[in-house]
Structures are given as C-alpha cells and as structure tokens.
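Presented below is the structure to which this report refers.
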Amino acid sequence: MPHSDHHITQPSSEIEAQHSVGLRIIAIYKAVKTVCLILVAIAAFRLNKQVNFEHLVHWLEHLSLTDSNNLRWRLVNTLVEWGPSKFVAIGIVALGYAAIFATEGTGLWLRKHWAEWFTVIATGSLIPLELYEVVVHFTWLKLAALVANIAIVVYLVRIAMQPHPSRKKKADAAASTPRIG
C-alpha cells in the first residue's frame with residue numbers, strides 16, 4: 001500500500017484515533033439503514049406489479065393473528081387506498097435516502113471531515129420531523145431513533161469542530177514547498 005493511502009486505514013492524528021471507534025459505529029449504523037432502505041425499495045418496486053400487490057393484500061386479509069388494535073386491517077385499507085402505483089414513488093424515495101446514508105457511512109468509515117458535516121446536516125435536518133412523529137405518534141422505536149440521531153449530531157459536531165492537525169501539517173507543508181516558476 002502506498003504511503004499516501006495509509007490514512008484510509010489508520011488514523012492520521014491523535015484526535016482521529018480517539019474518535020475512530022465512534023465514527024465506525026455511526027458508519028455501521030448508516031450502513032444498516034442503507035441496507036434496510038434498499039430492501040424497502042426492492043419490496044416497493046415488486047409491489048408495483050398488480051399481481052404481487054394483490055397477493056400481499058390477500059395474504060394480509062387471511063393472516064390468522066390476534067389483531068387487538070386492528071393494525072392489520074388498517075394496513076390492508078391503506079394498501080388498497082394507495083394502490084400499486086404509489087409504490088414506485090416509495091421505492092425511489094427509499095433509494096434516495098439509501099444513497100444519502102451510504103454516502104454518510106462511507107465518508108465516516110474513511111474518516112473524512114466533509115462526512116462529519118454532511119452527516120450533521122443530513123441527520124440534523126430530520127430531527128424536527130422525528131420529534132413531531134414522537135410527539136404525535138409515539139412509539140419506543142421512534143423515540144430511540146430520535147435520541148440516537150440527536151446523540152450522533154452532538155457527537156459529530158464536537159468532532160468536526162476540533163482542530164485537525166494532519167490537515168494543518170499538509171497545508172503548512174504545501175505552503176513551505178518552494179515553487180519553480
């Protein structure tokens with residue numbers, strides 16, 4: 001491996017080394033979200049076909065579960081109301097978010113400073129919507145996602161605002177190199 005590529009696998013400063021584990025955990029979290037959204041997109045694109053859509057609705061209607069809060073019937077009614085054509089849009093949106101999460105995760109895994117800020121902006125921009133969802137339609141999963149995303153934003157802002165000696169050294173080295181001209 002050439003010496004110039006060494007920073008991809010090893011932290012280039014003490015600060016990066018201190019936060020490497022945290023960045024990797026967030027990158028893995030983003031990768032899991034990416035995979036889940038890709039699976040949602042695949043399912044959505046398959047439901048675009050009328051036959052697949054009808055099979056799902058039929059299966060849900062005949063599923064023998066104790067449904068005390070009518071969740072299954074609300075889902076069936078929502079699916080019938082939407083129809084199969086709405087699932088193309090759902091698949092496209094899911095792929096769009098998957099691309100954003102993949103970009104965040106890859107950049108954080110590679111310890112890129114731009115990825116810290118990109119993740120802060122992308123994740124932080126969704127916090128008001130997540131907060132609304134927790135207040136209006138509370139579930140423990142939504143609350144956990146909100147808390148995790150707030151923690152990620154706070155953590156990454158703290159990292160991103162710290163001085164990065166490796167970048168300063170590179171800039172100083174470039175400035176001190178004599179130019180032939």
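The values are calculated or read from the model by the stated rules, or taken from the named source; none is laboratory data. Note that the coordinates shown come from a computational prediction; the quantities given were computed from them, not determined experimentally. Backbone-built Cβ (ideal geometry, glycine too); neighbour counts: all protein chains shown.
Say we look at the stretch 62-78 and pick out the residues that are assigned to a helix (DSSP H, G or I) and surrounded by 12 or more Cβ atoms within 10 Å (Cβ to Cβ); which of these is modelled with the lowest pLDDT? Walk me through it before giving the result.
Filtering the stretch 62-78 down to residues assigned to a helix (DSSP H, G or I) leaves 71-78.
Next, only the ones that are surrounded by 12 or more Cβ atoms within 10 Å (Cβ to Cβ) stay: 72-73, 75-77.
Working: ARG72: 69, TRP73: 74, LEU75: 76, VAL76: 77, ASN77: 81.
Top of the filtered list is ARG72.
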Query raised in the report: When the residues of the stretch 96-119 are filtered to those that are surrounded by fewer than 17 Cβ atoms within 10 Å (Cβ to Cβ) and aliphatic (A, V, I, L, M), which remaining residue is nearest to GLN162 (Cα to Cα)?
Result: LEU110
Report summary line: Sole miss for VAL51 among (1) hydrophobic (A, V, I, L, M, F, W, C); (2) surrounded by 14 or more Cβ atoms within 10 Å (Cβ to Cβ); (3) over 21 Å from the mean Cα position of the chain (by Cα) is condition (2)
**Report entry** Check on THR119, under 20 Å from VAL40 (Cβ atoms), assigned to a helix (DSSP H, G or I), modelled with pLDDT of 95 or more and polar (S, T, N, Q)
**Finding:** no
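Residues checked against (1) in a helix (DSSP H, G or I); (2) under 30 Å from GLN162 (Cβ atoms); (3) free of Cβ contacts under 8 Å to residues at least 40 places away in the same chain:
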site	(1), (2), (3)
ARG24	yes, yes, no
TYR29	yes, yes, no
ILE38	yes, no, no
PHE45	yes, no, no
GLU81	yes, no, yes
GLY91	yes, no, no
